[in-house]
Amino acid sequence: MTKSLLIIGFCFLCFTLRGQDNLSQAEKDSIRYTRIKERMYKKKITRELYQLFFRDVYNQRKSKGSEVTKVESNPFDAVRGKTIREIYVKQLDVMGASVYDTSRTGNKLQRFMSDHLHINTQEKTLRKNMLLFKEGDKIDPLLMKENERILRQSTVLLDARLVPINEDEEGVDVMVIVQDVWPILPEGSFSGLDNFGVGFTNQNVKGWTHSSTNIVRWRGRDTLQRLGFRSIYTVPYIKRSYISGQAGFIWERDLKHQYLKFEKPFVTVETKYAGSFDMGFHEVREYKKKTDNLDSTLIYPVQRAYLDMWGGRAFKLGKSDENQTKRLVFASRFYSYAYLKRPEVSADSNRAYWNQTNLLFSVGFSNRNYRRDVLIFGFGRTEDVPIGSMVTATVGRSRTEFGTRGYAGIRMSKGGYLPRQYGYLYGLVDMGSFLKAGEPHQGVLNVSANYFTPLMRLGLSQVRQFMNLRYTKGFNRDPLEYINLTDKYGIRGVNSDRLIGKKRLNLGLETVLFTPGSFLGFRGAHFAYVDLGLISDAGKVWRGPLYHAYGLGIRLRNEHLTFNTIELRLSYYPNVPALSSPFRVGVSGATSLQLMDFDISAPDIVPLR
């Protein structure tokens, strides 16, 4: 009873504190936070309650401990060219702490989990595999900034900072501050004793940064396959080369996949060589519709063996600070598919299932940089927003069982923050087609634009508006090759096999309100959205019916855990076909989205999706 009264009183206190009328909104919010904290810290039980609910994540006060809300200058610019004497590694507790306030400690539960249930990434692994610099090197500000970004992108780290310390005329030391993410993720589902799955993923085996996934699935009444399992092991860093290796064995009802893969991307703008090697066996049960007969479903078991490898060389364009991020990249790729099971094929049908050997070449220009921000797709962690542009041209030849054909494609993208703090805008044009006897076939055109506003304050919370616009067209495709307007490709929350065609135009609008509090480390974001979409098999896409959906909900995430974001959503679908009710309530685990980058990798055939 006492605890309930404390919680009610705490919530009342949060919403009834008033600031002074002659102060700015940011100053008022700062005073509200300070008053709440001062009152709650007077007694031990209320202090613990405050630490449970609040982490001061979005406070705009410009104090030493505040977390970033906008880009900060590169601290290594002031020590450019100086020699690195010593490298110190500071590993924070996996719970409660912050790279922007290393003195912060968590509550008792968080401290117990950090001290007794978690093994930090080994310092030896950090030094030998994840740092691009060593003692004796000269400070390169761009390299240090890139290395900090790469650390944050790691699946085992929540956040990272590199800080120059102890500077003098002889050199400078570097402090590496990192915080692990909780690595254990339970996997599985339960629909009864005759239908369940159980397993786990460990993203940081013994602190080596290795990842291991093992899941067992049982379907007691399934006549095709009752027992299924998957096991995937990943080594993300092989020494300082940033070569990763992965082996997988998946044996499930609708998917069987065994593979071995090694890969090295263009990690930084300094990386000269990249490539990958991938080979394996892939079997899948594909469920297809004919666009002219939506009442019947075709089931195709498809088996294929494949070999896929590529390599690329990057050349920096100029040595001035202005041109440090500009590169010219040449790449080539060889891959081959040999089908063991497939639908019936001919010279003019089911071309996606042809046995084929493809050789592709590409040349591209890339200018990429990053700006730090928060509260885009994350819930307080530092996010690296890509800024720059890219143009890539791809040509090649495809040798198939029905002859040889050519391929040509082009990809252009550009993105960055707009002037006067008007937000971020990204645009993409991606087009490609096979060519035979001068005629294009199996072609694709993608045009998309993504935009989000700056953070806008609303009381103690902060708001962003997101917009996504996309147009996709497939031309001269086979009857079983189509796109859909459901889930992540248009109308979210539904998977209707009746919204299919060759042309699609969709618009998504979403407003997200990030709340300041936290409960057991989970932070919330309320959202409301509108999805609009058009799809057509032939003719003008805008002449078809306009499908639309409306919804609202809340997302919960603990950035210190590897768990997916928990999303609770209430949706209304006025005219989506084949739904038993226009209203739906959904609970799902959503993965964190990422902005499109301007990196160049393997030459590719533009996919229809």
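The values are calculated or read from the model by the stated rules, or taken from the named source; none is laboratory data. This one's a predicted model, so the numbers in the text were calculated from it and none came from an experiment. Ideal geometry is used to build each Cβ from the backbone, glycine not excepted, and the neighbour counts take in all protein chains shown.
Suppose we filter the range 425-442 for residues that are under 20 Å from ARG470 (Cα atoms), touching a residue at least 40 places away in the same chain (Cβ under 8 Å) and of a type outside the set (A, V, I, L, M); how many remain?
So the first thing to find is which residues in the range 425-442 are under 20 Å from ARG470 (Cα atoms), and the list is 425-433, 442.
Next, only the ones that are touching a residue at least 40 places away in the same chain (Cβ under 8 Å) stay: 426, 428, 430-433, 442.
Filter again for of a type outside the set (A, V, I, L, M), leaving 426, 430, 432-433, 442.
Number satisfying all stated conditions: 5.
Identify all residues within the range 552-609 that are among the basic types (Lys, Arg) and within 20 Å of the chain's Cα centre (by Cα); write none if there are none. I'd like the intermediate steps shown before the answer.
We begin by selecting, within the range 552-609, every residue among the basic types (Lys, Arg); these are 555, 557, 569, 584, 609.
Answer for the range 552-609, where residues must be among the basic types (Lys, Arg) and within 20 Å of the chain's Cα centre (by Cα): ARG555, ARG557, ARG609.
Let's see how each residue does on (1) surrounded by fewer than 19 Cβ atoms within 10 Å (Cβ to Cβ); (2) not aromatic (Phe, Trp, Tyr):
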site: PHE466; (1), (2): no, no
site: TYR471; (1), (2): yes, no
site: ASP478; (1), (2): yes, yes
site: GLY490; (1), (2): no, yes
site: GLY501; (1), (2): no, yes
site: LEU507; (1), (2): yes, yes
site: PRO516; (1), (2): no, yes
site: VAL530; (1), (2): yes, yes
site: ILE554; (1), (2): yes, yes
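Let me confirm something: among ILE238, ILE215, ILE243, ILE232, which residue is touching a strand residue (DSSP E or B) at 6+ places or on another chain (Cβ under 7 Å), of a type outside the set (Gly, Ala, Ser), under 21 Å from MET279 (Cβ atoms) and modelled with pLDDT of 95 or more?
Working: ILE238 fails: modelled with pLDDT of 95 or more; ILE215 fails: under 21 Å from MET279 (Cβ atoms); ILE243 fails: modelled with pLDDT of 95 or more.
Sole residue among the options that is touching a strand residue (DSSP E or B) at 6+ places or on another chain (Cβ under 7 Å), of a type outside the set (Gly, Ala, Ser), under 21 Å from MET279 (Cβ atoms) and modelled with pLDDT of 95 or more: ILE232.
For TYR417, only one of the following conditions fails: (1) in contact (Cβ under 8 Å) with a residue 60 or more places away in the chain; (2) within 30 Å of ILE177 (Cα to Cα); (3) more than 18 Å from the chain's Cα centre (by Cα). What is its number?
Of (1) in contact (Cβ under 8 Å) with a residue 60 or more places away in the chain; (2) within 30 Å of ILE177 (Cα to Cα); (3) more than 18 Å from the chain's Cα centre (by Cα), only one is false for TYR417: (1).
Which residues, taken from the range 446-462, are surrounded by fewer than 17 Cβ atoms within 10 Å (Cβ to Cβ) and in a strand (DSSP E or B)?
Across the range 446-462, the qualifying residues are VAL447, ALA449, MET456, ARG457, LEU458.
Could you tell me how many of the residues in the range 455-471 are modelled with pLDDT under 90 and either within 19 Å of the chain's Cα centre (by Cα) or polar (S, T, N, Q) (or both)?
Within the range 455-471, residues that are modelled with pLDDT under 90 and either within 19 Å of the chain's Cα centre (by Cα) or polar (S, T, N, Q) (or both) number 1.
Give the residues of the range 550-577 that are part of a strand (DSSP E or B) and either of a type in the set (A, V, I, L, M) or outside the structural domain of THR515 (by TED's automatic domain parsing) (or both), sorted by residue number. Step through it out loud before you land on a result.
So in the range 550-577, the residues part of a strand (DSSP E or B) come out as 550-557, 561, 565-572.
Across the range 550-577, the qualifying residues are LEU552, ILE554, LEU556, LEU561, ILE566, LEU568, LEU570.
Which one is nearest to the chain's Cα centre (by Cα) among residues in the range 141-157 that are within 25 Å of ARG80 (Cα to Cα) and of a type outside the set (A, V, I, L, M)?
GLN153
I'd like the residue in the range 276-321 that is more than 25 Å from PRO479 (Cα to Cα) and among the acidic types (Asp, Glu) and, out of all such residues, is surrounded by the fewest Cβ atoms within 10 Å (Cβ to Cβ).
So the first thing to find is which residues in the range 276-321 are more than 25 Å from PRO479 (Cα to Cα), and the list is 276-281, 307-321.
From what's left, among the acidic types (Asp, Glu): 278, 308, 321.
On the way: ASP278: 17, ASP308: 18, ASP321: 11.
For the range 276-321, the residue satisfying everything is ASP321.
Here is a list of conditions, (1) more than 13 Å from ARG492 (Cα to Cα); (2) modelled with pLDDT under 90, and GLY586 meets all of them except one; can you say which number that is?
(1)
Working carefully through the options SER601, SER580, find the one that is small (Gly, Ala, Ser), part of a loop (DSSP other than H, G, I, E, B), free of Cβ contacts under 8 Å to residues at least 24 places away in the same chain and on the phi < 0 side of the Ramachandran plot.
Working: SER601 fails: free of Cβ contacts under 8 Å to residues at least 24 places away in the same chain.
Of SER601, SER580, the one residue that is small (Gly, Ala, Ser), part of a loop (DSSP other than H, G, I, E, B), free of Cβ contacts under 8 Å to residues at least 24 places away in the same chain and on the phi < 0 side of the Ramachandran plot is SER580.
Write out, first by first residue and then by second, each pair whose Cβ atoms fall under 8 Å of each other, whose residues are 6+ apart or on separate chains, and whose first residue, in the range 119-142, is over 22 Å from SER211 (Cα atoms) while the second is of a type in the set (Ser, Thr, Tyr) and buried (at least 18 other Cβ atoms within 10 Å of the Cβ).
If the second residue must be of a type in the set (Ser, Thr, Tyr) and buried (at least 18 other Cβ atoms within 10 Å of the Cβ), the pairs left are LEU142/THR325.
Which one is surrounded by the most Cβ atoms within 10 Å (Cβ to Cβ), of the residues in the range 558-578 that are at pLDDT below 85 and touching a Phe, Trp or Tyr at 6+ places or on another chain (Cβ under 7 Å)?
Looking only at the range 558-578, we keep the residues that are at pLDDT below 85, and these are 558-565, 578.
Add one more test, that the residue is touching a Phe, Trp or Tyr at 6+ places or on another chain (Cβ under 7 Å), and what stays is 558-562.
On the way: ASN558: 19, GLU559: 21, HIS560: 25, LEU561: 18, THR562: 20.
For the range 558-578, the residue satisfying everything is HIS560.
Please verify whether the range 380-399 includes one or more residues that are surrounded by fewer than 16 Cβ atoms within 10 Å (Cβ to Cβ) and not in a strand (DSSP E or B).
No, every residue in the range 380-399 fails to be surrounded by fewer than 16 Cβ atoms within 10 Å (Cβ to Cβ) and not in a strand (DSSP E or B).
Among the residues of the range 124-156, write down those that are crowded, with 18+ Cβ neighbours inside 10 Å, more than 15 Å from TYR242 (Cα to Cα) and among the basic types (Lys, Arg).
LYS145
Looking only at residues in the range 209-238 that are of a type in the set (Lys, Arg) and more than 23 Å from VAL181 (Cβ to Cβ), which one is surrounded by the fewest Cβ atoms within 10 Å (Cβ to Cβ)?
Once the filter is applied, the top-ranked residue is ARG221.
Please list, ordered by first then second residue, the pairs with beta carbon atoms under 9 Å, 6 or more apart or interchain, first in the range 226-243 and on the phi < 0 side of the Ramachandran plot, second of a type in the set (Val, Ile, Thr) and surrounded by fewer than 15 Cβ atoms within 10 Å (Cβ to Cβ).
Filtered contacts from the range 226-243: THR234/THR155; PRO236/THR155.
Looking only at the range 214-225, decide whether some residue is assigned to a strand (DSSP E or B), farther than 20 Å from LEU561 by Cβ and aliphatic (A, V, I, L, M).
Taking the range 214-225 and keeping what is assigned to a strand (DSSP E or B), we get 214-219.
Okay, now just the ones that are also farther than 20 Å from LEU561 by Cβ, so 216-219.
From what is left, the residues that are aliphatic (A, V, I, L, M) are 216.
Yes, the range 214-225 contains at least one residue that is assigned to a strand (DSSP E or B), farther than 20 Å from LEU561 by Cβ and aliphatic (A, V, I, L, M).
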